[in-house]
1. On a full-extension model of 0.36 nm per residue, what is the gain between GLN408 and GLU534, subtracting their alpha-carbon distance, rounded to one decimal in nm?
2. Using the Cα centre of the chain as origin and beta-carbon charges of +1 (Lys, Arg) and -1 (Asp, Glu), tell me which of ILE288, HIS333, SER98 is placed farthest towards the positive end of the dipole.
3. Loop-only check: which chymotrypsin sites (Phe, Trp or Tyr not before Pro) in segment 279-345 are DSSP coil with at most 15 other Cβ within 10 angstrom?
4. Of the DSSP beta bridges with both residues in segment 447-573, give the percent that are antiparallel, rounding to the nearest 5.
5. Label ALA320 and GLN518 with points 7 Å out from Cα along Cα→Cβ: what is the distance between them in nm?
6. Between GLN356 and ASP228, 0.36 nm times their residue separation minus their Cα-Cα distance comes to what?
7. Relative to the longest principal axis of the C-alpha atoms of the chain, give the angle of the C-alpha long axis of helix 477-487, reported between 0 and 90° and rounded to the nearest 10°.
8. Per residue, how many Å² of accessible area does segment 365-474 show with a 1.4 Å probe?
Amino acid sequence: MAPGPLYIGFDLSTQQLKGLVVSSDLKVEYEAKFDFDAHSHGFDIKKGVMTNEAEHEVFAPVAMWLQALDSVLKTLKDQGLDFGRIRGISGAGQQHGSVYWSKDAEKLLQSLRSEKSLEEQLADAFSHPYSPNWQDASTQKECDEFDAYLGGPEELAHVTGSKAHHRFTGPQILRFHRKYPEQYKKTSRISLVSSFLASLFLGRIAPFDISDVCGMNLWNITAGSWDDRLLKLCAGQFGVDDLKQKLGDVPEDGGLHLGKIHEYFVERYSFNPDCIIMPSTGDNPSTILALPLNPSDAMVSLGTSTTFLMSTPMYKPDSATHFFNHPTTPGLHMFMLCYKNGGLAREQVRDAINKQVGGNTAGKNPWANFDKAALETPAMGQKSASDTMKMGLFFPRPEIIPNLPSGQWRFNYNPQDKSLEETTSGWDIPLDEARAIVESQFLSLRLRSRGLTTAPAEGLPPQPKRVYLVGGGSKNTAIAKIAGEILGGHDGVYKLDVGENACALGAAYKAVWAIERQPGQTFEDLIGKRWREEEFVEKIADGYQPDVFKKYGVAVGGFERMEQQILQQEGRK
Ligand SMILES: Nc1ncnc2c1ncn2[C@@H]1O[C@H](COP(=O)(O)OP(=O)(O)O)[C@@H](O)[C@H]1O
Ligand SMILES: O=C(CO)[C@@H](O)[C@H](O)COP(=O)(O)O
């Protein structure tokens, strides 16, 4: 019997590019990864990005991603992947980042030759060599303008799914042409990281994806079109028509067949010339496609950022959260919370603990000491019920939720008289911080998602039915245990067997659906029918435990007050 078709999903995230290959029955056949810090050459990056502290800029060199793509494809070839079997490709990109193509871009993309690398041939395809990164915080002025333009942040959130955020592409484009007017004039098209990836495979500029376009503060979600008022603000002196031309159209179907793969890939890697390219989406929308997610379930992605994701028929935008179009299914939305201080903030505490207790020698799990400290510390650092609760915020980078500058704040909260004191009295630093930072991150999720969760059974408090952990941190069972204690999760806390590769997996599943769907068949239906629960997910921690869930419910009250106090102290309220 001839071997069946295969599908590739890519994940172009902050710290790496991953490629993952699945068969029609959703089995993972190959995986490859290019870690930007470890494997790229010629770029002065740290954790995948460059920074200009003076202007709060964070950006990534686009050429590094070209290097990464050729390298991942070569790795897959070396692993023995028969590219002739690949019928479809889809991808995912870190959200909001923009790529500025030069006037020569289309010509250079079309005329790619297989003897040379993408990096060598596309050096002149960009009017600006860098892509603003989602961690960038340089656009406060532009965000204020966006928030004010339609009458306030709530109104902007109502129209676009989110209030203005530093990283969102509209404010970024506005700042870009203010800072680099000449480069902007020389820009023929603007891509998101996701559509940039699809463009490479197509050999021409690909359109934006219907979900990822919601991360720009420019797309009117209910109208299903660009919002001309916001385009006018964003385009400034260069005018709406010019900006519309740079942005292009946005197809509604996330499974649309954009076209066949460019010859470059056929000749260099022996792809099947009939391989079809689908829109690439954002890394978070792609992550919710890694399983047939129920509206009652929640996903937490523990990557560089921490994100909390739900698939929901509701559209209830407000200025503290994000709503996006669902990447495959009209009528559904993705609800998201996004924190800048996720993995890297936890790593700082981990490193401080390793420095104090030692034992972080090569080959050992660098998280062992962190995990031990987190598990040995009682919930909220309360050794007895009469103790105060220890809580804090740990933000090495300026944070999105809540909107605070970088800093660390530690408090003791007395749940009896509800008093709150900023102090480190009674704290054993850094050991107590292992549990405190994880608790802080998950208490914030519980606080902000409570309006969307419902009771999973009669007599139970609202909570997700299941909590799925994905991303690099999902390997960590100490974090999983605390996640279950705080968020609940009636059925428990699960991780996908592909763990940190859920985003690339979701992209690969999208390609399977786009090629193999029957007319009108939804993503959930197709993937649901092929999904093998017992093989694909693993329960890694208990979810709802009444006593500790209640205790954290009390802590949420103190946590909310602590945030408000810090916001006031920092002049943010
Ligand atoms: N065992 C672990 N425990 C906790 N965090 C981990 C562990 N292993 C990896 N990580 C975290 O995973 C992060 C990378 O996650 P990943 O989802 O691959 O990143 P991204 O998609 O943002 O590039 C790292 O910053 C690291 O802190
Ligand atoms: O800005 C956001 C979402 O709004 C981030 O979640 C980025 O999409 C980057 O994600 P990771 O690299 O952490 O996966």
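1. Numbers: separation 126, 0.36 × 126 = 45.36 nm, distance 4.17 nm.
Between GLN408 and GLU534, full extension yields an extra 41.2 nm.
2. SER98
3. Details: sites: PHE308, TYR315, PHE323, PHE324, PHE335, TYR339; in loops: TYR315.
Those satisfying the criteria are TYR315.
4. Working: 5 of 9 bridges.
DSSP beta bridges in segment 447-573 are roughly 55 percent antiparallel.
5. Inter-label distance under the simple model: 4.4 nm.
6. Numbers: separation 128, 0.36 × 128 = 46.08 nm, distance 5.57 nm.
Gain in length upon complete extension: 40.5 nm.
7. It is inclined by approximately 70 degrees.
8. Working: 4310 Å² over 110 residues.
That works out to 39 Å² per residue.
The values are calculated or read from the model by the stated rules, or taken from the named source; none is laboratory data. As the structure is a computational prediction, the values presented were derived from the model and not from experiment. So basically every Cβ, Gly included, is an ideal-geometry build from the backbone, and we count neighbours across all protein chains shown. Surface areas here come from the heavy atoms of the whole protein model, side chains and all, with no ligands, DNA or RNA. Shrake-Rupley method; radii C 1.70, N 1.55, O 1.52, S 1.80 Å.
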